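*Asks:* One structure, pasted below without further comment.
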Amino acid sequence: MADWAAMGSQRYDAAEIETARQAAWAERDAFATPDPGAGRPAVYIKPSSPFTSGNLHMGHVRDYSIGDAYARFRRARGDAVLFGFGFDAFGLPAEMAAIERGTRPAEWVESCGERMLVQMKRLGFSFDYERAFYSSDEAQYRWSQWLFLTLMEAGLIYRDNATVDWCDTCQTTLAALQVEDGRCWRCHEKVRLIRRPTWFLRLSPYLAENDRNLGQLSDWDELSLKTQRYILGRSDGVEFDLAGAGGGGLEVFTPHAGAVEEARFVLVSPRHSEVGRWAADAAVAKQLDELRSGGWERSARDAATVPVVDTGADAEVAGGGTLPIFVSPLVDARYGPTAALGIPAVDEADEAIAARMPRTATEPLGGGAGAELAPREASRYRAYDFSISRQRYWGTPIPVVHCEQCGVVPVPAAELPVVLPRDVEPTGEGNPLAERPDFLETTCPACGGAAQRETDTLDCHFDALWLWVPAAVPPADRDERMFTHPDLEHWLPSERLVAGNDSGGFVFDQRVVTKALRDIGPFAFLADGEPFAGCLFHEMVIADGRKMSKHLGNVVDPDELVAEHGADTVRLAVLYAAGPAKALNWTDGALRFASRFLRGLWDYTHASIAAAAGVPEDAEAAADTAFIRERLGKWCDNGVARIAADLEQLQMHKAIRNITRLLERIKDYEKRVRKRRGQLSREDFDTLLEALALLARTLSPFAPHIAEELLEALGEDPSVGFPPGGESPPLSMARNN
Ligand SMILES: [Zn+2]
Ligand SMILES: [Zn+2]
């Protein structure tokens, strides 16, 4: 073969190739979102929403490499593809980073986002960047406020007291990650727990439906379904009625259907709707209050230490017997805000509680005849409402005002957005919004009197409830029709969510809100209330078997890898190293594999092109090797079908393995022809080059830059990616046969 390597122009130079291809994509606007209503299948591929940290990490690279390969594959198969995202830009980490740097969060977030966009483009991700957005933009959070008001009107948002950490020195509430060993991250003074009004999102009306639908989500991978089941925390068992002290009955639940007669006490959640019935006694009321202000949410799982209050009351059992009633958050941690039987004989946690309480029943219930109790089959969910407000600056302002005459009054939708001042440089002390009269002072929409704005902001978890919607709406139409644009009916539900395994909570709540918006109206076209028809969760990227962290000094920087090896090699390595359901333990091995494969393919393709130059036709030789060409044709057919099937399942590591096998087959073909004839005829070379072009097309979803460059070298149209479905590969052996 020709010593092509001596020819500098054909050496594999990743940086040069990738710059050129990316310029070509921009030139031909390759990733613009097409009209979803033009008859082709509309496929919305939703990647995870990056937090504006300023740097992509390897988890992002994994996430977007999977989504990008899938997006490129579906485009090449003729589908209308939307591949877009927005930055999750509000929240505490951005505020803390800004405090640390003495800058404004608004500026910090913007510079971070810009930098990350450069990184994404350098990696060759085929997002429709025109559709990117920041959750902290006014045009965006205006709709977060609209959603808040809409859900509040539907009774799904309410205000209640919650326990929060408070620093007396800084005069501010603290998030869990701002408390280190019980001390404030900023001043290192001890923090204490206080009760204060907090906004909550009500999940309970949709828990059962979220549960039921899991059985129909056939395009969800096992990892993602597992997270949904875990968050639901469903327990199956029986329930029946006791005559509770303080009047009225008490419905109790237990997962131990066969052991109800062995019950020794009843454990009631402090969130139980009727817990007040047992708090008539002043001493008990005081204990309940202490329990609530004790921050028990955080320590509710350990039966040996969890707070338990003896109400002094008993519940009566049909057929005979009584059970003492205790209150403990242990119930919440196991079955949600309900009442549960304590059955020490069959339940370890109940045994631990019984050992701590001086007062438990001793006789079998119902005179030993369980039938008297009339148990019904029942389930309970551990999932429960969660708080959505934070006492911090960098978030969506909550669109309500406080009026002395009228109480809490929603801001009329026409007056949105309630604008967050952007010129704030938080210090971590006090509440910046409460110190801004221009923000705080307003008039009451109801009575016109003086009023004050809510100074809590929404947790970024609330913004995330609908962060999957805006990409499906053309930017120019978002002001007017964010939730009512006709494109939404084409793009939704998203064909596939690709996200990290830690996104289960976000996704669960997004599923709840979609159902709420279906019932309220805008998403009525989503009959099952599911935002994602398919879902792929991937595990994280680790190093040396451990989570990457600055502290451990094992962080891998994607920028450095790309600079050294090129984007294609990094993408291929990340995809090849592990299937999505497995943690990706980053080693140089995967990089070496990817680098060797791409260079090998580059060299072999160019060597083949050079060797084929000027070789004349030879009908007799061609007839003699026709059967070998035919066999290669079948291998190619098979290979493409397998790779396509892997791509449909988003099993990119398998697809890449099948691509490497196809290259081996192609090389084997050449060897066989040489063995038979000593050399390749024109016809043999044509088939070889066509097979290599086909291989480059199968590679294009994974390593798009080099794939296009090879196609161009082979005289093919580089903009045609993965071979279209339903067709045989256009190899010339068919013609020459
Ligand atoms: Zn402090
Ligand atoms: Zn008023």
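The values are calculated or read from the model by the stated rules, or taken from the named source; none is laboratory data. From a predicted model like this one, the values you see are computed outputs, not experimental measurements. All Cβ positions, even for glycine, are placed from backbone atoms using ideal geometry, and neighbour counts span all protein chains on display. SASA here: full protein model, heavy atoms, side chains in, ligands and nucleic acids out. Shrake-Rupley method; radii C 1.70, N 1.55, O 1.52, S 1.80 Å.
*Asks:* Go through the stretch 118-132 residue by residue and tally those that are aliphatic (A, V, I, L, M) and more than 19 Å from the chain's Cα centre (by Cα).
*Replies:* Matching residues across the stretch 118-132 total 2.
Condition check ((1) closer than 29 Å to Leu416 by Cβ; (2) open to solvent by 20 Å² or more (accessible area, probe 1.4 Å); (3) within 16 Å of ligand 1 (Cβ to nearest atom)) across all residues:
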site	(1), (2), (3)
Ala154	yes, yes, no
Gln178	no, no, yes
Trp185	no, yes, yes
Arg195	no, yes, no
Ser224	no, no, no
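*Asks:* Here's another thing I want to ask about it. Has the stretch 367-378 got any residue that is on the phi > 0 side of the Ramachandran plot and open to solvent by less than 20 Å² (accessible area, probe 1.4 Å)?
*Replies:* No; the residues of the stretch 367-378 include none that is on the phi > 0 side of the Ramachandran plot and open to solvent by less than 20 Å² (accessible area, probe 1.4 Å).
*Asks:* If the requirement is being away from ligand 2 (no atom under 16 Å from the Cβ) and at pLDDT 95 or above, which of these qualifies: Thr150, Thr169?
*Replies:* Only one candidate qualifies: Thr150.
So that you can scan it fast, the table gives a plain yes or no per residue for (1) touching a Pro at 6+ places or on another chain (Cβ under 7 Å); (2) assigned to a helix (DSSP H, G or I):
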site: Glu110; (1), (2): no, yes
site: Arg115; (1), (2): no, yes
site: Ser126; (1), (2): no, no
site: Glu130; (1), (2): yes, yes
site: Gly155; (1), (2): no, no
site: Tyr158; (1), (2): no, no
site: Trp166; (1), (2): no, no
site: Arg195; (1), (2): no, no
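*Asks:* Condition first: aliphatic (A, V, I, L, M), away from ligand 2 (no atom under 16 Å from the Cβ) and more than 25 Å from the chain's Cα centre (by Cα). Can you find one or more residues in the stretch 217-226 that meet it?
*Replies:* Within the stretch 217-226, none of the residues are aliphatic (A, V, I, L, M), away from ligand 2 (no atom under 16 Å from the Cβ) and more than 25 Å from the chain's Cα centre (by Cα).
*Asks:* Go through the stretch 531-622 and tell me which helices (runs of 4 or more DSSP H), entirely inside it, have 1 or more residues that are open to solvent by 10 Å² or more (accessible area, probe 1.4 Å) and of a type in the set (D, E, K, R).
*Replies:* Correct list: 558-565, 588-612.
*Asks:* Using beta carbons and a limit of 7 Å, which pairs, at least six apart or on different chains, have the first residue in the stretch 389-418 and among the hydroxyl-bearing types (Ser, Thr, Tyr) and the second one modelled with pLDDT under 95 and within 16 Å of ligand 1 (Cβ to nearest atom)?
*Replies:* Taking only residues 6 or more apart or on different chains, the pairs are Tyr393/Glu95; Tyr393/Pro426; Tyr393/Pro432.
*Asks:* Filter the stretch 623-634 down to the residues that are surrounded by fewer than 19 Cβ atoms within 10 Å (Cβ to Cβ) and either of a type in the set (Lys, Arg) or free of Cβ contacts under 8 Å to residues at least 40 places away in the same chain (or both) and list them by number.
*Replies:* Ala623, Phe627, Arg631, Lys634
*Asks:* Kindly establish whether Val346 is open to solvent by 10 Å² or more (accessible area, probe 1.4 Å), assigned to a strand (DSSP E or B) and either within 16 Å of ligand 2 (Cβ to nearest atom) or touching a helix residue (DSSP H, G or I) at 6+ places or on another chain (Cβ under 8 Å) (or both).
*Replies:* No; evaluated as a whole, the condition is false for this residue.
*Asks:* Within the stretch 75-89, how many residues turn out to be assigned to a loop (DSSP other than H, G, I, E, B), on the phi < 0 side of the Ramachandran plot and either of a type in the set (Gly, Ala, Ser) or open to solvent by less than 10 Å² (accessible area, probe 1.4 Å) (or both)?
*Replies:* Residues that pass the stated criteria total 4.
*Asks:* Would you confirm, using the coordinates I've provided, whether Ala464 is without any contact (Cβ under 8 Å) to a residue 12 or more places away in the chain, of a type outside the set (Phe, Trp, Tyr) and closer than 23 Å to Pro50 by Cα?
*Replies:* So Ala464 does not fit the description; no.
*Asks:* Another question about this same structure. With the checklist (1) within 31 Å of the chain's Cα centre (by Cα); (2) not in a loop (DSSP other than H, G, I, E, B) in hand, flag the one item Val409 doesn't pass.
*Replies:* (1)
*Asks:* Considering only residues that are part of a strand (DSSP E or B) and buried (at least 16 other Cβ atoms within 10 Å of the Cβ), look in the stretch 413-462 and name the one that is nearest to ligand 1 (Cβ to nearest atom).
*Replies:* Thr457
*Asks:* Here are some conditions: (1) among the hydrophobic types (A, V, I, L, M, F, W, C); (2) under 29 Å from Leu151 (Cα atoms); (3) away from ligand 2 (no atom under 16 Å from the Cβ); (4) surrounded by 13 or more Cβ atoms within 10 Å (Cβ to Cβ). Cys406 meets all but one. Which one does it not meet?
*Replies:* If we test Cys406 against (1) among the hydrophobic types (A, V, I, L, M, F, W, C); (2) under 29 Å from Leu151 (Cα atoms); (3) away from ligand 2 (no atom under 16 Å from the Cβ); (4) surrounded by 13 or more Cβ atoms within 10 Å (Cβ to Cβ), just (3) comes out false.
*Asks:* Filter the stretch 229-264 down to the residues that are in contact with a Leu (Cβ under 6 Å, 6 or more places away or on another chain) and at pLDDT 95 or above, then identify the one that is farthest from Phe532 (Cα to Cα).
*Replies:* Result: Val252.
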